[in-house]
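Q: Structure incoming, see below.
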Amino acid sequence: MNNLGTENREVETDATATKLDRLGRNAMDVRSTVETLAAAGIRVHCLALGGVDLTSPAGRMTMGVIAAVAEFERDLILERTQAGLERAKVAGVSLGRPTTFADAQAERIRARSAAASRATPHRPRPDATHPRHREREEEQKQKTRRKRGTKRDRATWSAP
């Protein structure tokens, strides 16, 4: 009784987006989203484009034109940005984050850092032949043996 007439009827599904940019981050993402939905049998409409079905040939053409214009706009922005950076370099503008220290402060910090690194003596690594080092090493081995033993005991213990 629950399947009355559903086996012969195809279910058509439509998805509606208010703007094209709601379907993805860039033109390639929008295109892949629309193609994925179309492969699943879902028609995609965009209200900002007059309700055009983006899965139809006219909708695919519209998306292609919009993608081409978006790529052209992105290229223009890149060109303008590079030209502006070149003009700023020629004008002598310093780019990037402003320094937080004055030149004199930076010199004092560098000098203090260099003096501190010369004052720190070089300490060699502990030698395995030193008695205290050997004792410590033996203690560490005993601790790990004890830990391993308890793990083995836990592994062999079985529930009643």
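The values are calculated or read from the model by the stated rules, or taken from the named source; none is laboratory data. Remember, it's a predicted structure, so these values are computed and weren't measured experimentally. Ideal geometry is used to build each Cβ from the backbone, glycine not excepted, and the neighbour counts take in all protein chains shown. Accessible surface areas use protein heavy atoms only, side chains included; no ligands, DNA or RNA. Shrake-Rupley method; radii C 1.70, N 1.55, O 1.52, S 1.80 Å.
Q: Are any of the residues in segment 63-78 in contact with a Leu (Cβ under 8 Å, 6 or more places away or on another chain) and charged (D, E, K, R)?
A: Taking segment 63-78 and keeping what is in contact with a Leu (Cβ under 8 Å, 6 or more places away or on another chain), we get 63, 66.
Subset that is charged (D, E, K, R): none.
There is no residue in segment 63-78 that is in contact with a Leu (Cβ under 8 Å, 6 or more places away or on another chain) and charged (D, E, K, R).
Q: Has segment 23-36 got any residue that is exposed (fewer than 14 other Cβ atoms within 10 Å of the Cβ), of a type in the set (Lys, Arg) and modelled with pLDDT under 90?
A: Looking through segment 23-36, at least one residue is exposed (fewer than 14 other Cβ atoms within 10 Å of the Cβ), of a type in the set (Lys, Arg) and modelled with pLDDT under 90.
Q: Return only the number of the condition from (1) modelled with pLDDT of 80 or more; (2) over 30 Å from residue 45 (Cβ atoms); (3) of a type in the set (Val, Ile, Thr) that residue 120 does not satisfy.
A: Of everything listed in (1) modelled with pLDDT of 80 or more; (2) over 30 Å from residue 45 (Cβ atoms); (3) of a type in the set (Val, Ile, Thr), residue 120 misses just condition (1).
Q: Go over the candidates 91, 102, 128 one by one and state the one that is at pLDDT below 80, surrounded by fewer than 10 Cβ atoms within 10 Å (Cβ to Cβ) and not polar (S, T, N, Q).
A: Numbers: 91 fails: at pLDDT below 80; 102 fails: at pLDDT below 80.
So the residue among 91, 102, 128 that is at pLDDT below 80, surrounded by fewer than 10 Cβ atoms within 10 Å (Cβ to Cβ) and not polar (S, T, N, Q) is 128.
Q: Could I ask something else about it? Condition test on residue 53, is it modelled with pLDDT under 85, surrounded by 12 or more Cβ atoms within 10 Å (Cβ to Cβ), out of contact with any Ser or Thr (no Cβ under 8 Å at 6 or more places or on another chain) and of a type outside the set (Phe, Trp, Tyr)? Before you say what the answer is, go through the steps one by one.
A: On the way: modelled with pLDDT under 85: no; surrounded by 12 or more Cβ atoms within 10 Å (Cβ to Cβ): yes; out of contact with any Ser or Thr (no Cβ under 8 Å at 6 or more places or on another chain): yes; of a type outside the set (Phe, Trp, Tyr): yes.
In short, no.
Q: Has segment 59-73 got any residue that is charged (D, E, K, R) and at pLDDT 90 or above? Break it down stepwise before answering.
A: Taking segment 59-73 first, the residues charged (D, E, K, R) are 60, 71, 73.
Among the residues that remain, those that are also at pLDDT 90 or above are: 73.
Within segment 59-73, one or more residues are charged (D, E, K, R) and at pLDDT 90 or above.
Q: Another question about this same structure. Just to be sure, is residue 74 open to solvent by 50 Å² or more (accessible area, probe 1.4 Å), in a helix (DSSP H, G or I) and of a type outside the set (S, T, N, Q)? Give the steps one after another, and end with the answer.
A: On the way: open to solvent by 50 Å² or more (accessible area, probe 1.4 Å): yes; in a helix (DSSP H, G or I): yes; of a type outside the set (S, T, N, Q): yes.
For residue 74, the condition - open to solvent by 50 Å² or more (accessible area, probe 1.4 Å), in a helix (DSSP H, G or I) and of a type outside the set (S, T, N, Q) - is met.
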